[in-house]
Amino acid sequence: MTYSAPDKYGFFGEFGGSFVSETLIKALDELKIAYRNAKNDPEFWATFHRDLRLYVGRPSPVYYAKRLSRHLGGAKIYLKREDLNHCGAHKINNTIGQALLAKKMGKKRVIAETGAGQHGVASATVAARFGMECTVFMGADDIIRQAPNVYRMKLLGAKVVSVDSGSRTLKDAMNEALREWVACVDDTFYIIGTAAGPAPYPELVRDFQCVIGNECKEQMQDLISRQPDVAVACVGGGSNAIGLFYPYIEEKSVRLIGVEAGGLGIQTPNQHAAPISSNSPIGVLHGFKSYLMQDENGQVSATHSVSAGLDYPGVGPEHAHLRQIGRVEYTAVNDDKALSAFHDLCRFEGIIPALESSHALAWAIENAPTMNKDEVILVNLSGRGDKDINTVAKLVGINLD
């Protein structure tokens, strides 16, 4: 059966939809119409891909991590180098697309939420490029651990709003961004950074990010004359992962692995961010229905991850659907294994990965030795680790201040 999702109501199986206040229905309907028109407009896509080529620097290469692979033995590890994009992560793919939509809709201002700061930087970047006002909402705790990215946003002209409510992380930043959008729908476009939120956001983010997987299919064919045996990506909300996975869904020979943030262990309450791996119940958050970490009273649970970008209690609805139909396997990697993978890539390949990407890399490092030497693992290296240097240094007892 051919994979086809979402349906006309924005549902991926039983997940997704638009669970929002009446105030936002008009804005979402306007966005749906604008995106439907853009999706059928060859000129829109030509502009999008031209910007990816000339501004972002695509295609990003696929790189054979030879020294790391030889050290581990077993399967060969290849890296999709999204860290080499302008702004240092995959996030710019999506913000280019949404900024073009905002222009098409006549919006003068954009807002965004951010955790690790990469989406905030990418949103501020496109706002500067297109001459738009930009406001980024960021949890107070994330502002501390991602200080370099906060300064980058300000350099680019964005206003960064500290969110002190709740867990002071990504979930709360998204809450505030949605509140701001309700108050300013007429002139403001909300650039959601992950494959979550109310319809049509999960679909449009996926469509802008699937350039990753489409490139990989061509590049792997050129490099090894076939597709990888396994494709791996980290999953918070899930934008980089769905960007890799979506073009591979019909490639049944390719095993797809989504790696969530195991934090201090998925059996430890409030100390991880792995809703799928911990068998969380279904709930509604930020306008969509999916697996959601909850306490015994149905309230959203606190989360923890060493990586700010994975510190989210829910997961994008398409990931929930892909898990339910058995096409993608989801697992969790703890903080310590992600940190170990971070250091391994630095030392063996001279590449400093984002802590988010390090979770996917950790899965590859653990599993490559159990596989045959003619097998191939493709890891989506979704971002670079400059932003995480202070965090890592503190964790190993080094003070950079």
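Looking at the structure I just gave you, is Ala233 closer than 29 Å to Leu100 by Cβ and either in the same structural domain as Val306 (by TED's automatic domain parsing) or part of a strand (DSSP E or B) (or both)? So Ala233 passes the test.
Sub-6 Å Cβ pairs linking a first residue in region 19-32 that is assigned by TED's automatic domain parsing to the domain that holds Pro200 to a second residue that is surrounded by 12 or more Cβ atoms within 10 Å (Cβ to Cβ) and among the polar types (S, T, N, Q), at least 6 apart or interchain, are Leu28/Ser18, ordered by first then second residue.
Against the criterion of being crowded, with 22+ Cβ neighbours inside 10 Å, hydrophobic (A, V, I, L, M, F, W, C) and at pLDDT 95 or above, Ile224 does not qualify.
Screening Ala5 with (1) outside any helix (DSSP H, G or I); (2) modelled with pLDDT of 95 or more; (3) surrounded by fewer than 21 Cβ atoms within 10 Å (Cβ to Cβ); (4) aliphatic (A, V, I, L, M) gives one miss only, at (2). With respect to (1) touching a residue at least 40 places away in the same chain (Cβ under 8 Å); (2) under 20 Å from the mean Cα position of the chain (by Cα), the lone exception for Thr188 is condition (2).
Pairs are defined by a Cβ separation below 6 Å, a sequence spacing of at least 6 or placement on different chains, a first member in region 118-147 that is on the phi < 0 side of the Ramachandran plot, and a second member that is buried (at least 24 other Cβ atoms within 10 Å of the Cβ) and among the basic types (Lys, Arg); the pairs so defined are Gln118/Lys91; His119/Lys91; Ala122/Lys91; Gln146/Lys387.
For region 322-331, the count of residues that are modelled with pLDDT of 95 or more, buried (at least 18 other Cβ atoms within 10 Å of the Cβ), closer than 30 Å to Glu14 by Cα and basic (Lys, Arg) is nonzero.
Where residues in region 312-344 are of a type in the set (A, V, I, L, M, F, W, C) and in contact with a helix residue (DSSP H, G or I) (Cβ under 6 Å, 6 or more places away or on another chain), which of them is nearest to Asn240 (Cα to Cα)? Out of the qualifying residues, it is Val328.
The single condition among (1) surrounded by fewer than 19 Cβ atoms within 10 Å (Cβ to Cβ); (2) over 22 Å from Ile212 (Cβ atoms); (3) in the same structural domain as Ile224 (by TED's automatic domain parsing) that Leu72 does not satisfy is (1).
The values are calculated or read from the model by the stated rules, or taken from the named source; none is laboratory data. Worth saying up front: this structure is predicted, and the values here are computed from it rather than measured. All Cβ positions, glycine included, derive from the backbone under ideal geometry; neighbour counts span all protein chains shown.
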